[in-house]
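Computed from the coordinates by the stated procedures, all read-outs in this text should not be read as laboratory data. This structure is a prediction, so every number in the text was calculated from the model and none was measured. Neighbour counts run over all protein chains shown; Cβ positions are idealised from the backbone, glycine included.
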Amino acid sequence: MSQAPTPVLELRGVSRVHGRDAQAVDALVDMDLVLAAGEFVAVMGPSGSGKSTLLHLAGGLDAPTSGTVLVEGQDLGALSATGRAVLRRRSVGYVFQDFNLLPGLTAAENVAFPLELDGWSAHKARPVVRTVLSEVGVEDLADRRPEDMSGGQAQRVAIARALVGPRRLLLADEPTGALDSVTGTEIVQVLRSRADHGAAVLLVTHEPRFAAWADRTVFLRDGRVVDTTGPSDAAELLGTAAS
Amino acid sequence: MEMMEVAVSVKHALLALLCGGPSTTYQLKKDFDRTTNQTWPVNIGQVSTTLQRLVRDGLVAGSDEPEDPGTSEWYLTDAGREEVARWWASPVSRERRGRDELVVKLALAVHVPGVDIAAVVQRQRSAMHQMLHDVTRARRTVDPGDLAARLVLDNHIFATEAELRWLDVVEAEVARAGRATATRGPVPAGGQTATDQATVEVAR
């Protein structure tokens, strides 16, 4: 058998403590997580359970107190601040509840932005941007500005930006939080489809029905994984066969 | 419980299906299962018994005595047509759905001493999330043209999600009441971590 491909994201024994001494809070405790290309994992848990800490660590926006975070096989802790910034720009895309698109720029310009930061010429970026906009179903909105879009359209553009160019790791923090139920489902379908086409998607959500689109759902409580569920034929694999 | 729901709804489902024109017992069974995406399959005996009752009540009539009763066609009478119209015009009562085992079980869990409530909740939650994954997968693969099947599966998804949210509330309320665990010690494997409830004892 051929060697398993390098995971897009890997957390090994990752802990994060906020504060110190008597005020120390375990935000994340000894977390292991492997996300391969094409995998879609949902994270659920009550407020303060460590979901946001996990996303920040996975994206290199925060550093663990102990343990290792690898993105595309690269140890974030072993990189300089500049190296981490470059890796983030090339490998990691974020999607937020409030879209975070730059107002005044068109959809195409928003999506091209991370590529241009990485030194791409507008000429080289253009076809890549068109392709990714079409992959999320908004190619006809390329010249529209965020302020003239619906929430669902803006979130599709944000997903396109998160996955433009070589980026394969999509970290989504409550991306459906500001959307109605039908539009929210459409956005999760886009995430599912991007995973089916090779992206690795980590979705934080409070909505069980959206988490159910993932390959598995990880539950956090007090910074620890307390359960992992998936479809019944994956239960044995996950070690959580329903009793 | 599901059997009860079927008993309530088969009568009107058959009447509604017969609005599309006369049909045989077997075809009615097939159409019912297909419309609900096999979610509440009925057996042919149930369909047959229900049809007999509908004939007795004058809502349905059968075609004249064919040699093979299986090929007999059923059609709506005027009274049957009125009954369907009445059904469409009235909302469905939630109370008709019968006793819910989960609700009764959790009510008992907080009432009976020594039950590890947190473990009961977490096991239920885990199983329901797994079911949600399964139903969502079925929903993804359903024929895009099959609107009825999509709506039935969506209903399952939303109903399961509502129960999951209710479980969150149960857990929070139980914790607030200081009743999060029994005296028996940590939750078994697959359940919750014991950190936030290890020392709380069940009040008697």
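Please give the average number of partner chain Cβ atoms lying within 10 Å of the Cβ of each residue in A:215-222, rounded to a whole number.
3
Can you give the average number of partner chain beta-carbon atoms within 10 Å of each beta-carbon in peptide A:117-130, as a whole number?
Shielding by partners across A:117-130 averages 0.
Can you tally the net charge around A:Pro166? Count Lys and Arg as +1, Asp and Glu as -1, for every other residue whose Cβ sits under 12 Å from the Cβ of A:Pro166.
Around A:Pro166, the surrounding residues sum to +2.
Among A:Gly19, A:Gly67, A:Gly93, which one moves the most in a GNM of chain A with springs linking Cα atoms closer than 10 Å?
Its mean-square fluctuation being the largest, the pick is A:Gly19.
Under a point spin-label approximation (7 Å from Cα along Cα-to-Cβ), what is the B:Thr39-B:Val169 distance to one decimal in nm?
Taking the two extended label points, one gets 2.2 nm.
Between A:Lys124 and A:His197, what FRET efficiency follows from the Cβ-Cβ distance if R0 is 35 Å, with the result rounded to 0.05?
Numbers: r = 22 Å, r/R0 = 0.62.
The calculated FRET efficiency here is 0.95.
What is the Rg over Rh value, at two decimals, for the protein assembly as shown, using alpha-carbon atoms and the Kirkwood definition of Rh?
Answer for the protein assembly as shown: 1.06.
Which cross-chain or sequence-distant (5 or more) residues have an amide H under 5 Å from the amide H of B:Val60, H modelled 1.01 Å from N in plane?
B:Val55, B:Thr77
Suppose every K and R has +1 on its Cβ and every D and E has -1 on its Cβ; what is the size of the dipole of the protein assembly as shown about the Cα centre, in Debye to the nearest 20? Working shown, then result.
On the way: 47 positive and 58 negative charges, 190 e Å.
Around 920 debye, computed over the protein assembly as shown.
With a point put 7 Å past each Cα toward its Cβ, work out how far B:Ser63 is from A:Glu139 in nm, to one decimal.
Between B:Ser63 and A:Glu139, the label points sit 5.2 nm apart.
Under the 0.36 nm per residue contour assumption, what length would be gained going from the current alpha-carbon distance of B:Ala162 and B:Ser90 to full extension? Walk me through the numbers before you get to the answer.
Numbers: separation 72, 0.36 × 72 = 25.92 nm, distance 2.40 nm.
Residue separation times 0.36 nm, minus the Cα-Cα distance, leaves 23.5 nm.
Within 10 Å of each Cβ in peptide B:155-168, how many partner chain Cβ atoms are there on average? Round it to a whole number, please.
2
Given labels modelled 7 Å from the Cα in the Cβ direction, how far is it in nm from A:Ser80 to B:Lys30?
7.3 nm
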